[in-house]
Every structure is written in structure tokens, then in C-alpha cells.
1. Whose amide H sits under 5 Å from the amide H of L33, counting only residues 5 or more places off or on another chain, with H placed in the peptide plane?
2. Using a Cα-Cα cut-off of under 16 Å, which lysines could be cross-linked to K312, ignoring same-chain neighbours fewer than 8 residues away?
3. Once phi is turned into θ = phi - 60°, what whole-Hz ³J(HN,Hα) does the Karplus curve with 6.51, -1.76 and 1.60 give for every residue of region 386-397, x standing for Gly and Pro?
4. What is the Å³ per residue value for the convex hull set by the Cα atoms of region 138-204?
5. Neighbouring Cβ atoms within 10 Å as the yardstick, rank E102, E310 fewest first.
6. Need one number: the % of Cα-Cα pairs in region 1-105 sitting beyond the 25 Å mark.
7. What's the extension gain from D156 to A169 if we count 0.36 nm per residue and subtract their Cα-Cα distance?
8. Return the calculated 222 nm mean residue ellipticity for the chain, to the nearest 500 deg cm²/dmol, obtained by summing -39500 (n - 2.57) across DSSP H runs with n ≥ 4 and dividing by the residue count.
Amino acid sequence: MTAYLITGVSIVGGEPTDLLIRDGVVAGTGRGLAADDATVLDATGLVALPGLVDLHTHLREPGREDAETVESGSRAAALGGYTAVCAMANTSPVADTAGVVEQVWRLGREAGLVDVQPIGAVTVGLAGERLAELGAMADSAAGVRIFSDDGHCVSDPRLMRRALEYVKAFDGVIAQHAEEPRLTDGAQMHEGEVSTRLGLTGWPAVAEEAIIARDVLLAEHVGSRLHVCHVSTAGSVEVLRQAKARGVRVTAEVTPHHLLLTDEKAESYDPVFKVNPPLRTATDIAALREALAEGVIDIIATDHAPHAVEDKECEWAYARPGMLGLETALSIALDVFGPRWDLIAERMSRTPARIAGLAGHGLDPAPGVPANLTLVDPAARRVVEPAELASRSRNTPYARMTLPGRIVATFLRGEPTVLDGKAVK
Ligand code: DOR
Ligand code: ZN
């Protein structure tokens, strides 16, 4: 195993220092380190962060390998500075059995670019009718701890209650896609001024807020852990704020796109901006940013949702919702929050690792910890070129935008997965 001596690096925004990686762990930090056998990387001006952890990634395998595979998505993740991703269950077949979650887990190991932690479905086939084999998935080699029907809401309150009860035994988490389906039937975009003007059916904020309000009450009643996926409205933030003040065991995520883009993007009728939940208003964005900074929203998760060209480059009404996120998330975080490195490490690495229970991830580079880390050049700017992305899909909403920051290198247990901004394999 090659040793790496990273010189002049700022660890999470601290004073420049050297960092030695050997045998998969951080062997030492401090100025003037020497190691004859190590490959030296001059990291002057770069910032080392604990490897990013994404709690919400769609990898599309099995079933839609034309849009993404575990390997291509893992490569996109590594290039984005990630060392672990949680793979959503809405594959085909659905990841609702021990067999499928083990398959995804095994494919992740084979790709070897990030740790791929499968999420299991809550209900059989995501149909919202019967609980899936949560225990068998938890006991499988994949060791599933997070369950989600993401893409669909577990809208039946009795099933939601049972799911929360079931996972309590092993401290599992139910990650809810909060969308009351009766309020979003036929919805195409955020319900508001813009949808009225464009004549598109609206997805009202209350459809999200009502489910979150119900679910925090259920989680409180059961004493179990709830995670709320892709929070998108100011009203949701208020519900979460109250629940957390009462001590409910709830965590929440926001996506990069909900922190940056508004529903006015729909005026272009470009389906690259169609996503579920939809892009909201500037008022919502302000509330989400504040909530993330305060910790009412715990983490940034990408909801990386690759889609094949034919599913995106069509009429708005027929296009699938979702956008790419892994390769641009850190740049969006830098754009929104600036170089608040501790905040970025907390919201994109430490806390997601803790929620997912991923040992060895989310730890600041320090002697003895597994060398899962990423090196960022905060001064670099780059133009997003869809054709250059490692994802098999091209549906980035940031095409040709100039974004701050560049991932220079990523290490997974001491082995580089990205060097010089390029994937190693
Ligand atoms: O926009 C979305 N795309 N939202 C979801 O909840 C699912 C995801 C997907 O799977 O494409
Ligand atoms: Zn979702």
C-alpha cells in the first residue's frame, strides 16, 4: 500500500500542516513531517475535509443501468469528494429483500470507489401496502439501517407507525419522502404564482408539511427515529423546529438544488428543472439556508437522480423528476455558504455518517482515524460541462454554470480514488 504525505494542507479550515496517510489510516499530522517511502502531494492552498457522505443517492442498478450503475455512480461520488453513499431502494427490482440489498452492496464493494450502503424499501415493491422484510435486510450482509420508499411517500399512517415500531428494535431509521399524494395528483411544479402563470398543475407546500407534521407525531409516539428526505419549504422548517424543540428523534436533509434554484426555472420549460419535491420560492430557499446553518436541518443530501436522455429530453409533463447532484454538491455548498469549512464538514460528512451509522466515515483527519478524506481547492472555479461528468446521465441543472471549488483528490481507506481531479479507476 502506498503511503502519501500531503503537505501544506488546511484540515477543515485550520492552519496549513502536513498529513501522512499510511496503511489505510491517518498516520500523523503536523508541520515538517517526513516519510521517505511516501508519495508527496503538495496541497498548498487546499482544504482537507472528512470524506463526504451522501444519505440520498439513486444509483439505478439493478434495472436502469443505462442511466447509472453502481460503478458509474460511485465514480461520480468519488469525483464529488464522497467516500460513502446510501443507495436508494427504488431500483428495478426494488431493493425490498435481503437478496437485492446484498447485490447492491456487493456491486459497491466490487467497484471499490466509495462505500455503498444500501437503503431498503419500507414496503413491498414501494407499493405502500405491506411492510417489506425489514428484519431480513437488517440482518443481511448489507446491514441495512435506513429504510425508505423514496420516490413515493409511505402515506398510510398505520403502515408508517408499524415501520417506525419495527426498526426501533435495532435503532433503524425510516426516511420519509414527505408528499401527501392526494394533494399532489398530477402536479408538475411548485404551486404558486409561477405555476398559475404557466398553467401547470401545482404541488402545494402543504402536501409536504402535512406529512412531516404527522410523521414527527408518529415518531414521537413510537419513540423511534424518523429522517425527512429533501425538505423543500419554509413551513416544513417550522414543523421540524417545533418537533426538535420537543425532543422528537427526527433528522432532516436538504438538497443542493433546493438551496439554490427557484420555481422560476420552470419558465424555461426545460425538464432538467423538473424534480420532486419541486423547486420552490426564494422565501423557501432563505428559510432552508437558515435552517441548515442553525441545524434545524441536519444535512445536505444530493438526491442524485440520474435519468436517461429519453426520460428527460421530452415534454415537461412526460419527463421524469430528478437531477444529478454528486459531482456538484460541494461546489453548491461553497457557493451558498462560502468557506465555512466546519459547517460544510458537519452537514456533508460528520452528521450524515452518524445518522447512517457508518463507522469510519465522518471523522476529521487525525492520527489513527481511517483515511477517508477529500482535498478541495477552494480557489478554483470550473464550468460544469455535462459531457464531462462521470455519471452515465447528463441531467445536471448547472450545465455551463461557473461554480466555485474543485475536488483535487479523494481517499478511501488510504487509497486514492481521485487524484489531480481525475478518477483513479
Ligand atoms: O426528483 C426525484 N427523483 N424525486 C424523487 O423522490 C425520486 C427521484 C428519482 O428516483 O428519480
Ligand atoms: Zn424523494
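1. So L33 has HN proximity to D18.
2. K265, K274
3. My calculation for region 386-397 gives x, 5, 8, 6, 7, 4, 6, 9, 10, 7, 8, x Hz in order.
4. Dividing the Cα hull volume of region 138-204 by its residue count gives 96 Å³.
5. E310, E102
6. Details: 2215 of 5460 pairs.
Here the long-distance tail beyond 25 Å is 41 percent of all Cα pairs in region 1-105.
7. Details: separation 13, 0.36 × 13 = 4.68 nm, distance 2.13 nm.
Here the answer is 2.6 nm.
8. Working: 13 runs with 120 residues, N = 425.
When only DSSP H runs of four or more count, the value is -8000 deg cm²/dmol.
Readers should treat all values here as calculations from the given coordinates under stated rules, not as data from a laboratory. Just so you know, these numbers come straight off a predicted model, no measurement behind them. Virtual Cβ from ideal backbone geometry, glycine too; neighbours counted across all protein chains shown.
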